[in-house]
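Step one of this worksheet: look at the structure below.
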Amino acid sequence: MTIPVLEAENVVKELGKGAGKVQALKGVNLSLVKGELTLLMGPSGSGKTTLLSILGCILTPTSGIVRVAGEEVAGKGPEELAELRRKHIGFIFQSYNLFPTLSALENVRIALDVIGRKGYQASSRAEEVLREVGLGNRLRNYPSNLSGGEQQRVAVARAIAASPSVVLADEPTAALDSENGHAVMALLARIAKDQNRSVLAVTHDPRTLGYADRVVRIEDGLIVGEERRPAGLDAPEITDLTKRRKANG
Amino acid sequence: MILTLAFRNLFHDRIRLAVTLVGILFSIVLVAIQLGMYLGSSQMITAMIERSNSDLWITAFGAKSFEEGGMLLSNRERHQALATPGVKAVVPLVVAFAEWRKPEGGSTRVVLVGTDAEDGALEPWSLVSGTWQDIKSPDAISADDTYFKELGIEGIGDTAQIAMGRVKVKALTHRIRSFTQSPYVFTTLSRARSLLGTDSDKATFYLVQLEPGANVEAVRQELRNRLEGAEVLTKAEFEDRSLRQWLFRTGAGLALIGGALLGILVGTVIVAQTLYSSTKDHLNEFATLRALGSSSGYIYKVILAQAGLSAVIGYVLGILISLGILYISRNTPLPLVMTPGLAGALFGLTLFMSAVSAISAIIKVTKIDPATVFSR
Ligand SMILES: Nc1ncnc2c1ncn2[C@@H]1O[C@H](COP(=O)(O)OP(=O)(O)OP(=O)(O)O)[C@@H](O)[C@H]1O
Ligand SMILES: [Mg+2]
């Protein structure tokens, strides 16, 4: 059994204050290992984004334990959390969140700059990952001159540039058409396999199921089920590990 | 990448950049003008003392400035000074406001400076027409060619009257301007005395030249002990005193410095405002940076770099405009002065102003919640 790179134990998260207080997570257990693309699925308001934020060290849990590469998150301040993020985690957002004033190459370079990788070495690394996502011929384009699918692939390149052990994506295909959505999912699956990373993607989109090694379902702040594709099986078919579910929604 | 991002953010919104630059420009030009006037005034006020070849000045007790030295020193003080060890020479100088009657009628006030150039302590500098020999000829004086209108003359050969006697313009200086707006008129020591109707042994100042290697402070102390009712000042002290009299007793200096401070304040407010609104516009990007794991220091650097870049661009433009104004002012009653020191100080000031302006923007970004990256 591989050692998990990211673990959540009994994580509870309360959001809001006073009368508006909501328990968005009610005791979540989840661990992610390298080499797998995990999908997190659930209805709107079920706590997917909240869980992703906590796993990504952007929010801290109200109670429970989160471990990143074996290190406990509890008690860390904003700067230490930022350090954990830049060391271990790559993010992909629904609306890409690229810097509109920077070219594709620069958008990747700035993520390297943040972790202290500068100069020619950073530049060639940025170029390398952009080629990996199939944008070798779009290096100098600005986000406004890229299609949505291309922008999201720049975001993927940015997320993997610093070789994080975990990539977290919130609805990465929601803003994309079917073809681009498939392309991005295929890319995420490849990143998990070929580069031995752990990738967790929040999604509503049933078309993405075929790319998953594992599907985790969340409802009302609790994990309610988990399905896994048996080893060696390449077809987009998911075997139920906990209870039987219809995979094709 | 910090500079790249700062640069792009800055040039992304050209109108805001223009407003920022105008704010900085406004500040720099205003401060340059005010401080340029201050420096210009200072140089005018101290020029005579500065140009003198002397180590110490003996003045009547309480002399307020070069122009207001009185006529109280006599040969007694001179001999006492000459007898002091370390003193090589003691050169008398006569300086007084006097009435100048224009050839065509009407009068104005001049500052009459009586000096014997041969003594090597003070002489009219920048003579553009005539020589010291010409000034020594009967009734001769030198006037400054930038004051023809005030003096009611047109050049060499014109005659006028100073206090008691007739004078003839025999030499011209160029741009020896006077802060009091009463033009400087040079003549010989004895003619100055007779024009002013004072005794032939009276003087306004004694300029003391020391033996080589003499200790200025020791000689000064000895002179002080020997001379009653007179003060012994170094050049720098007398310059300071003249400056204080003309710039601060009259309030002129305070007005100039106040104007400069106002310029700094207005510029800072404008730059702070534009920087803040720029930061607000780019808040999502700063939140993304934060989510990507940047330290808050990294983000502050981006904002400070934006401020610094605006400062540099604004400074360059501001100095160019200031130099233009300087050039235009060169023949006015108050020519502005720019020195490398002032230019450097202005640059420091611009950077400081931008850094202060960045404070509100930085406070804004410290409140960024990186969790907002998911809710766009
Ligand atoms: N800042 C907040 N203050 C109070 N409640 C919040 C806050 N953010 C989220 N919530 C609540 O927490 C719950 C979980 O929200 P979350 O964003 O994690 O859901 P989600 O599964 O990502 O939904 P969606 O699919 O619509 O993105 C919801 O009930 C939401 O209303
Ligand atoms: Mg969500």
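Report yes if some residue within region A:96-106 is in a strand (DSSP E or B) and of a type in the set (Phe, Trp, Tyr); otherwise report no. No, there is no match, as no residue in region A:96-106 is in a strand (DSSP E or B) and of a type in the set (Phe, Trp, Tyr). If a residue must be closer than 17 Å to B:Leu309 by Cβ and either touching a strand residue (DSSP E or B) at 6+ places or on another chain (Cβ under 7 Å) or small (Gly, Ala, Ser) (or both), how many such residues does region B:338-365 contain? The number of residues fulfilling the criteria is 6. Of all positions in region A:23-39, none carries a residue that is open to solvent by 20 Å² or more (accessible area, probe 1.4 Å), within 11 Å of ligand 1 (Cβ to nearest atom) and within 14 Å of chain B (Cβ to nearest Cβ).
Residue-wise test of (1) more than 9 Å from chain B (Cβ to nearest Cβ); (2) among the small types (Gly, Ala, Ser); (3) crowded, with 21+ Cβ neighbours inside 10 Å; (4) free of Cβ contacts under 8 Å to residues at least 12 places away in the same chain.
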position: A:Glu83; (1), (2), (3), (4): no, no, no, yes
position: A:Gly116; (1), (2), (3), (4): yes, yes, no, yes
position: A:Ser123; (1), (2), (3), (4): yes, yes, no, no
position: A:Glu128; (1), (2), (3), (4): yes, no, no, yes
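Of B:Leu346, B:Leu304, B:Leu289, all but one fail to be assigned to a helix (DSSP H, G or I), crowded, with 18+ Cβ neighbours inside 10 Å and within 14 Å of chain A (Cβ to nearest Cβ); the exception is B:Leu289.
If only residues of region A:87-98 that are crowded, with 21+ Cβ neighbours inside 10 Å and at the interface with chain B (Cβ under 7 Å from one of its Cβ atoms) are counted, the one that is farthest from A:Glu150 (Cα to Cα) is A:Phe91. Scanning region A:65-87 for residues that are out of contact with any Asp or Glu (no Cβ under 6 Å at 6 or more places or on another chain) and of a type outside the set (D, E, K, R) returns A:Val66, A:Val68, A:Ala69, A:Gly70, A:Val73, A:Ala74, A:Gly75, A:Gly77, A:Pro78, A:Leu81, A:Ala82, A:Leu84.
Filtering region A:161-191 to residues that are among the small types (Gly, Ala, Ser), surrounded by fewer than 21 Cβ atoms within 10 Å (Cβ to Cβ) and not in a helix (DSSP H, G or I) leaves A:Ser163, A:Ser165, A:Ala174, A:Ala175. The criterion of at least 2 residues that are within 26 Å of B:Met71 (Cβ to Cβ), over 27 Å from the mean Cα position of the chain (by Cα) and not β-branched (Val, Ile, Thr) is met, among strands (runs of 3 or more DSSP E) falling completely within region B:96-164, by B:159-162.
The conditions of being within 13 Å of chain B (Cβ to nearest Cβ), of a type outside the set (S, T, N, Q), under 22 Å from the mean Cα position of the chain (by Cα) and in a helix (DSSP H, G or I) are met by A:Glu79. The residues of region A:41-52 that are within 10 Å of ligand 2 (Cβ to nearest atom), among the hydrophobic types (A, V, I, L, M, F, W, C) and crowded, with 22+ Cβ neighbours inside 10 Å amount to a single one, A:Leu51.
Restricted to region A:192-219, and to residues that are open to solvent by less than 10 Å² (accessible area, probe 1.4 Å) and in a helix (DSSP H, G or I), which residue is modelled with the highest pLDDT? Of everything passing the filter in region A:192-219, A:Ala192 is modelled with the highest pLDDT. A:Lys13 meets each of the listed conditions (1) facing chain B (nearest Cβ under 10 Å); (2) at pLDDT 95 or above; (3) within 16 Å of ligand 1 (Cβ to nearest atom) apart from (1). In region A:53-71 there is at least one residue matching the filter, namely being free of Cβ contacts under 8 Å to residues at least 24 places away in the same chain and within 14 Å of another protein chain (Cβ to nearest Cβ). Scanning region A:140-160 for residues that are free of Cβ contacts under 8 Å to residues at least 60 places away in the same chain and part of a helix (DSSP H, G or I) yields A:Pro143, A:Ser144, A:Asn145, A:Gly148, A:Gly149, A:Glu150, A:Gln151, A:Arg153, A:Val154, A:Ala157. If you filter region B:349-373 down to residues that are free of Cβ contacts under 8 Å to residues at least 60 places away in the same chain and open to solvent by 30 Å² or more (accessible area, probe 1.4 Å), you find that the one that is farthest from the chain's Cα centre (by Cα) is B:Lys367. Going by the conditions given, is A:Leu55 buried (at least 23 other Cβ atoms within 10 Å of the Cβ) and within 16 Å of ligand 2 (Cβ to nearest atom)? When the stated conditions are applied, A:Leu55 passes them. The number of residues in region A:150-171 being within 16 Å of ligand 2 (Cβ to nearest atom) and either closer than 15 Å to A:Ala192 by Cα or more than 12 Å from chain B (Cβ to nearest Cβ) (or both) comes to 2.
Residues in region B:353-368 include at least one that is part of a loop (DSSP other than H, G, I, E, B), closer than 30 Å to A:Val156 by Cβ and within 16 Å of ligand 1 (Cβ to nearest atom).
Yes/no matrix, rows are residues, columns are (1) of a type in the set (Lys, Arg); (2) within 23 Å of A:Asn137 (Cα to Cα); (3) within 16 Å of ligand 1 (Cβ to nearest atom):
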residue	(1), (2), (3)
A:Glu83	no, no, no
A:Phe91	no, no, yes
A:Phe99	no, yes, no
A:Ile115	no, no, no
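Quick check: anything in region A:14-36 within 19 Å of A:Thr208 (Cα to Cα), more than 14 Å from the chain's Cα centre (by Cα) and within 13 Å of ligand 2 (Cβ to nearest atom)? Scanning region A:14-36 turns up no residue that is within 19 Å of A:Thr208 (Cα to Cα), more than 14 Å from the chain's Cα centre (by Cα) and within 13 Å of ligand 2 (Cβ to nearest atom). For beta carbons closer than 7 Å, sequence separation of 6+ or different chains, a first residue in region B:284-297 that is closer than 12 Å to A:Phe93 by Cβ and a second that is crowded, with 17+ Cβ neighbours inside 10 Å and small (Gly, Ala, Ser), the qualifying pairs are B:Leu292/A:Ala111.
The values are calculated or read from the model by the stated rules, or taken from the named source; none is laboratory data. Everything quoted here is computed from the prediction, not taken from an experiment. Don't worry about glycine lacking a Cβ; one is built from the backbone with ideal geometry, like all the others, and counts go over all protein chains shown. Ligands, DNA and RNA are excluded from the accessible area calculation, which covers all protein heavy atoms including side chains. Shrake-Rupley method; radii C 1.70, N 1.55, O 1.52, S 1.80 Å.
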